[in-house]
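First comes the structure, then the notes that go with it.
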Amino acid sequence: MSAQARKICMLGDFGVGKTSLVSRFVRQTFSENYLTTVGVKVDSKEVDYGAAKPMKLVIWDIAGKSGLDALNMSYLRGASGLLLVADGTRESTLRAAIDLLMQSRSLLPEAQAILMVNKLDLVERWEVAPATLAELRQTLPVLETSARLGDGVEQAFIEMARRLGP
Amino acid sequence: MSDLNRLKELLLAEERESLLSAEQRLTDLERRNRQLAEALPGLVRAAPQKPMTKALANPVAAALGSAVHENRSTIVDALFPVIGPIIRKAIAEALRGLMSDLNKVLEYGFSPRGIRWRLEAWRSGVPFAQIVLKHSLRYHVDHVFLIERDSGLVLHRASSPGLPDLDADAIAGMLTAIGQFVRDSVSSGGGDSLEAARVGEHLLWILDGPRASLACFISGVPPDSLREVLADRLEQIHASFDRNEASSSAETGLQESVWKTQLDPQELVAASAALADREDTVGQKPSRWPLLVMLLLLLLGLAWHFARSERWEARVGQVRADLLSHPGFLLTGMESEPWNSLVVHGLLDADAEPVAELIANVDLGDVKPKLVVDGYLSTADPILQKRVARLIGPPAGVRVTVRDGVVDLSGKAGEDWISANRVRAPWIAGVRSVNWQVAPITDAAQAAREALSELSSKLATLEVSFVREVEPGADGMAQLEAMVALLLKAEELAEVAGVAPKLQITGYNDAPGSDAINARLRDQRAQWLRDRLRDQGVSEAWLLDSVNARSSENLAEFRGARARLDIETEKP
């Protein structure tokens, strides 16, 4: 294997833009129909994060839910990283993302986690207060992204690769 | 301008202008339409191909659909010249395929290889088509993925050369996810897993291990031995995990090279073929038993058949021997089906004994022999003797013997009989010659014979009864005296007639008593009568050997004794 592979999972409430973020980042292999049928869609992307060898991120885009059922928990198995996605225009999605992180910790206590607060292009309509984000940054990395414009997306995945790297 | 026109001008000027304008527009529109219709083909041809095709795709499809609904016959007529060749081509292709299949069947059916496969199918009980498929199928292992079971990450991948590149990590991840989804959705106990999926001629096999799964993408129809090989490889890989726990990931170069060898698609196909051949070789040994058993059964069956046939032939041979030795019967043929039917053809003389009973006495199982007999004249001496006797009816004093077709007639007979039969005897069928030695009987002798015969009849009515063992009853002695008188007279008449009658004395018993006692009683009573006759003067020559052998039979008639005179006996 030329690149070291790591499994990361995208978690977040319905409509926060997980799939759009993945679409922005990777060349898609499978149809999005899998999300509604199987509940997950897997893509991969090699990330050059400055190390000697690039890292291949195998991204499991898990269908949006505010909670994790048994099937979704089984999808998390073996994951090295969690990309939590929240919608800045809906504060409830931030709480859902934090809840999902707490649930997944029981299965993945060592997994790296990054919070992506999406829809930066609609920042004027954000409900999430900067103070809240500042407080969250003390416990986990928080990146503001826009799937529509591509702002912060690649940086988030590179940051994840960097944290998972040797 | 009249007032009316001026009034019209004032009132309708605006409408008239509108009307003129509308007429003008209509004229212009019609003109433009004509121009457009003339220019349209040229415009379409001149238009860029791609946007024009795209623009026309939907309307043309909709128009075609509508035309199929509304003007089906027109469409069919229009397509007919196209559909015909297409159908013919399809049929030709199908026939070509059929011919190819037939060629294969003929090749498999009559070639040594085909015969070998047929034997294999017969031995193993597997249908011939499956055996042919097993030996002739072609398949390819396109991709092999070794997937970490929990994460779905690819530990190793191997693909056949010449195939397009694919995102192995994404595919392995989705396979893992779908496997988990199927397990979660379908498996009730949770222990089952997705093992295979098929789309057309493409097949996906998934073999799960505790720590890693093996996904194999196959084109064609693989044999079961390939799955065995894959399972074996997966076990080997797990064993290497256990041996080298610290480097169980794909990072170890040594492990990578081992996996590269173990999971090489061509190597897997070769190992599968080798395993199938080994199983065939191993499978032949136990399968000889049915062959041996069948051979044994065949031998036993043949032995039973021959033994049964032999038994039948022996019995039929006995019938043949009996028939051949039967006087007056000429065996002309026998039709025999062992233990099924027996037909005897032959010729039987009218004077011969019947042969039906002779055949019926032989044990032929359930077979009822059929006898087909025609008449004929036998020249065998016994039959000829019976025929002569039947035709000439010799009197008591004439003796008839036949030897080699020569008839000897001797004794005494009346002159009438002699004159009648002397001429007739040589004409009897089968008689070669007649040796005539019959002397004529005189009148005195004839009268004596007749008197003797009458006397014999009277003697037959007499009997001596006993009250107990040999004690005569009330009229016993009277009967004895009557017997003596008749016998003394008979002696005189016999002398004149020239005959030597035979006297027979018989003792009898009644029902009670054992056989031994009754036999003794009969003997005693016969001897009592003989002794009394001797005492009364009857000739000793007549009494010698006169006690009848019947006295030894338990007749159970009455307590007594009788004397009989057989005058047909010729005088020596």
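Quick note: the coordinates plus some simple rules give every number you see, no bench work behind them. None of the values given here were measured: they were computed from a predicted structure. For neighbour counting, all protein chains shown are included, and Cβ atoms are generated from backbone atoms with ideal geometry for every residue, glycine included.
Points worth noting:
- Overall form of the stretch A:4-164 per C-alpha gyration tensor (a/c, 1.5; a/b vs b/c): rounded
- On the beta carbon distance between residue B:129 and residue B:270, with R0 = 25 Å, the FRET formula returns roughly 0.50.
- Ranking A:82, A:156, B:480 by how far each Cα lies toward the positive end of the dipole of the protein assembly as shown (charges on Cβ) leaves A:156 at the top.
- Inverse of mean 1/r across different Cα pairs in chain B, Kirkwood, Å: 40.4 Å
- Calculated [222 nm] ellipticity per residue, helices only, for chain B: -19500 deg cm²/dmol; basis is -39500 (n - 2.57) per DSSP H run with n ≥ 4, divided by all residues, nearest 500.
- Trypsin sites (Lys or Arg not before Pro) restricted to DSSP loop in the stretch B:441-499 with at most 16 other C-beta within 10 Å: B:468
- With the highest mean first, a sort of the peptides A:153-163, B:158-168, B:312-322, B:66-76 on other beta-carbon atoms found within 10 angstrom per residue produces A:153-163, B:312-322, B:158-168, B:66-76.
- Listed by chain and number, the lysines whose C-alpha is less than 28 Å from the C-alpha of residue B:89, apart from same-chain residues fewer than 8 away, are B:104.
- 3J(HN,Hα) along the stretch B:530-546: 4, 5, 5, 5, 4, 4, 8, x, 5, 4, 4, 4, 6, 7, 5, 6, 8 Hz, from the Karplus curve 6.51 cos²θ - 1.76 cosθ + 1.60 with θ = phi - 60°, whole Hz, x for Gly and Pro.
- Amide proton proximity set for residue B:155, modelled H, under 5 Å, gap of 5+: B:146, B:147, B:148
- Note on B:142-149: average number of Cβ atoms from other chains within 10 Å of each residue's Cβ is 1.
- Net dipole in debye of the protein assembly as shown [+1 Lys, Arg Cβ; -1 Asp, Glu Cβ; about Cα centre; nearest 20]: 1700 debye
- Think of the stretch B:422-463 as having a plus end and a minus end, set by charges on the Cβ of Lys, Arg, Asp and Glu; of B:461, B:445, B:428, B:428 sits farthest toward the positive end of this dipole.
- Anchor residue B:489: lysines whose Cα lies under 24 Å away (excluding residues fewer than 8 positions away in-chain): B:412, B:458, B:502, B:571
- Förster radius 45 Å - calculated FRET efficiency between residue B:391 and residue B:332 (Cβ-Cβ, nearest 0.05): 0.95
- Within a Gaussian network of chain A (alpha carbon springs, distance under 10 Å), most fluctuating of A:18, A:53, A:45: A:53
- Radius, Kirkwood style, for the stretch A:107-166 when every pair of distinct Cα atoms is counted (Å): 12.6 Å
- Fully extended contour minus Cα-Cα distance, from residue B:98 to residue B:12, at 0.36 nm per residue: 22.4 nm
- Taking a ≥ b ≥ c as the square roots of the eigenvalues of the alpha carbon gyration tensor, the stretch B:189-233 is oblate, as a/c is not under 1.5 and a/b does not beat b/c.
- Formal net charge of residues neighbouring residue A:74 (Cβ-Cβ distance under 15 Å; K, R +1; D, E -1): -1
- Whether the protein assembly as shown is rounded, prolate or oblate, judged on the alpha carbon gyration tensor where a/c under 1.5 counts as rounded: prolate
- Taking label points 7 Å from Cα along the Cα-to-Cβ direction, residue A:132 and residue B:502 give a separation of 15.1 nm.
- Cα-based reach from residue A:56 at 30 Å (exclusive), listing lysines while leaving out same-chain residues under 8 positions away: A:7, A:18, A:41, A:45, A:65, A:119, B:260
- 15 Å cut-off, amide nitrogen to a point 7 angstrom out along residue B:44 Cα→Cβ, residues in the stretch B:50-94: B:50-64
- Dipole orientation for the stretch B:357-448: of the candidates B:395, B:407, B:378, B:407 has the Cα lying most toward the positive pole (charges on Cβ; Lys, Arg +1; Asp, Glu -1).
- With a Förster radius of 35 Å applied to the C-beta separation of residue B:515 and residue B:478, the computed FRET efficiency comes to 0.65.
- For the stretch B:396-410, putting each phi into the Karplus relation 6.51 cos²θ - 1.76 cosθ + 1.60 with θ = phi - 60° gives couplings of 4, x, 10, 10, 10, 9, 10, 9, 6, x, 9, 9, 9, 10, 9 Hz, in residue order, rounded to whole numbers and with x for Gly and Pro.
- For the stretch A:132-137, 3J(HN,Hα) computed residue by residue from phi via the Karplus equation (6.51, -1.76, 1.60; θ = phi - 60°) reads 4, 5, 4, 5, 5, 5 Hz, glycine and proline entered as x.
- Other-chain or far-sequence residues with amide H under 5 Å of residue B:332's (modelled H): B:345, B:346, B:347
- Extension gain, residue B:28 to residue B:232, is 64.9 nm, computed as 0.36 nm per intervening residue step minus the present C-alpha separation.
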